[in-house]
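**Student:** This is the structure I want to talk about, given as C-alpha cells.
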Amino acid sequence: MSVTDRAGDVRIARRATGLPRAQRTSIDLRRVDVEPIADAARFTVRLRTVLRTRAFDQMVFLRLVPPAGSSETWSGDIGMSAQRRDLAYANYFTDGSGTSYEVCDPLRARVRHRTDEIVLDVPLRCLPEGEVLVKVLSLTGYFRSDAARPWSQDRARFPAPIVLR
C-alpha cells in the first residue's frame, strides 16, 4: 500500500527564522509505503532529501484514525525522525476514553541515505485491526520537544482506508 505526494508543495513558516529554504524543503514528502511483515508493519517514508545534520530534525508523524462513518473510537500515532532514530514511537489508544492503550516507546527507525528514506517497523500490538485511515505529516523542527514552531511542513494522506494487520 502506497501513496505519493506532489513534489514542491511544502509549506514554509514565514515567521520562523534561522533555517535556509533548501533545508526547509528537504522534508518534501515523495512516497509513503506501508507493508505488513512477520510481527509488525513497516512504514517507509521517502523525503526529497534526508540530511546528515544535528542542527534540526526531519520528522514524520502518522495519524491513524477509523474510516469515515465508522462507530469506532480508537486512534493511533506514530512518530519518527531521521536524526533521532532511537526516539521513534507508536501509540495506540484502543478506545476514546484514553484509559486503554498500547505504547511502543522507544522504537528505532532506520535511515536509507541512498534512497532518502526513513523506515520504521511498528509491532502489531501498537496498531489497530481492520481498516485504518492514514494521514502523514512531515516537519522540520525539534523531535519530541516543545522548543519552537516548525520551519516547514508537508502533508499527505492515503486516499482510502488500508489494513495494517
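The values are calculated or read from the model by the stated rules, or taken from the named source; none is laboratory data. As the structure is a computational prediction, the values presented were derived from the model and not from experiment. Counting neighbours? That spans all protein chains shown, and the Cβs are built from the backbone with ideal geometry, glycine included. For accessibility, only protein heavy atoms count, side chains too; no ligands or nucleic acids. Shrake-Rupley method; radii C 1.70, N 1.55, O 1.52, S 1.80 Å.
**Student:** So, Asp95, is that one farther than 18 Å from Arg24 by Cβ, part of a helix (DSSP H, G or I) and not small (Gly, Ala, Ser) or not?
**Tutor:** No; evaluated as a whole, the condition is false for this residue.
**Student:** Can you tell me which of Asp39, Asp86, Asp95 is more than 22 Å from Ala156 (Cβ to Cβ) and open to solvent by less than 70 Å² (accessible area, probe 1.4 Å)? Before you say what the answer is, go through the steps one by one.
**Tutor:** Working: Asp39 fails: open to solvent by less than 70 Å² (accessible area, probe 1.4 Å); Asp86 fails: open to solvent by less than 70 Å² (accessible area, probe 1.4 Å).
Being more than 22 Å from Ala156 (Cβ to Cβ) and open to solvent by less than 70 Å² (accessible area, probe 1.4 Å) holds for just one of Asp39, Asp86, Asp95, which is Asp95.
**Student:** I've got another one for you. Scan Leu124, Leu107, Leu47 and give me the residue that is surrounded by 15 or more Cβ atoms within 10 Å (Cβ to Cβ) and closer than 20 Å to Ala156 by Cα. I'd like the intermediate steps shown before the answer.
**Tutor:** Details: Leu124 fails: closer than 20 Å to Ala156 by Cα; Leu107 fails: closer than 20 Å to Ala156 by Cα.
When all the criteria are applied, what remains is Leu47.
**Student:** Let me ask you something else. Which of the residues spanning the stretch 63-83 are of a type outside the set (S, T, N, Q), assigned to a loop (DSSP other than H, G, I, E, B) and open to solvent by 30 Å² or more (accessible area, probe 1.4 Å)?
**Tutor:** The first filter runs over the stretch 63-83 and keeps only residues of a type outside the set (S, T, N, Q), leaving 63-69, 72, 74, 76-80, 82.
Adding the requirement that they be assigned to a loop (DSSP other than H, G, I, E, B) leaves 66-69, 72, 74, 82.
If the condition is that a residue be of a type outside the set (S, T, N, Q), assigned to a loop (DSSP other than H, G, I, E, B) and open to solvent by 30 Å² or more (accessible area, probe 1.4 Å), then Ala68, Gly69, Glu72 are the ones that fit.
**Student:** Which one of Asp86, Asp146, Asp121, Asp154 is farther than 24 Å from Val3 by Cα and modelled with pLDDT of 95 or more? Can you show your working first?
**Tutor:** Working: Asp146 fails: modelled with pLDDT of 95 or more; Asp121 fails: farther than 24 Å from Val3 by Cα; Asp154 fails: farther than 24 Å from Val3 by Cα.
When all the criteria are applied, what remains is Asp86.
**Student:** Here are some conditions: (1) within 29 Å of Ala22 (Cβ to Cβ); (2) of a type in the set (A, V, I, L, M, F, W, C); (3) assigned to a loop (DSSP other than H, G, I, E, B); (4) open to solvent by 30 Å² or more (accessible area, probe 1.4 Å). Ala160 meets all but one. Which one does it not meet?
**Tutor:** Among (1) within 29 Å of Ala22 (Cβ to Cβ); (2) of a type in the set (A, V, I, L, M, F, W, C); (3) assigned to a loop (DSSP other than H, G, I, E, B); (4) open to solvent by 30 Å² or more (accessible area, probe 1.4 Å), the lone unmet condition for Ala160 is (1).
**Student:** Let me ask something additional. Check whether at least one residue in the stretch 22-30 is touching a Gly at 6+ places or on another chain (Cβ under 8 Å), modelled with pLDDT of 95 or more and not polar (S, T, N, Q), and report yes or no.
**Tutor:** Yes; the residues of the stretch 22-30 include at least one that is touching a Gly at 6+ places or on another chain (Cβ under 8 Å), modelled with pLDDT of 95 or more and not polar (S, T, N, Q).
**Student:** Which pairs have Cβ atoms under 6 Å, sit 6 or more apart or on different chains, and link a residue in the stretch 116-141 that is without any contact (Cβ under 8 Å) to a residue 40 or more places away in the chain to one that is in a strand (DSSP E or B)?
**Tutor:** Qualifying pairs under 6 Å: Arg125/Glu102.
**Student:** Within the stretch 50-62, track down each residue that is assigned to a loop (DSSP other than H, G, I, E, B) and crowded, with 16+ Cβ neighbours inside 10 Å.
**Tutor:** The initial filter retains those residues of the stretch 50-62 that are assigned to a loop (DSSP other than H, G, I, E, B), namely 50-56.
Val50, Leu51, Phe56, listed by residue number.
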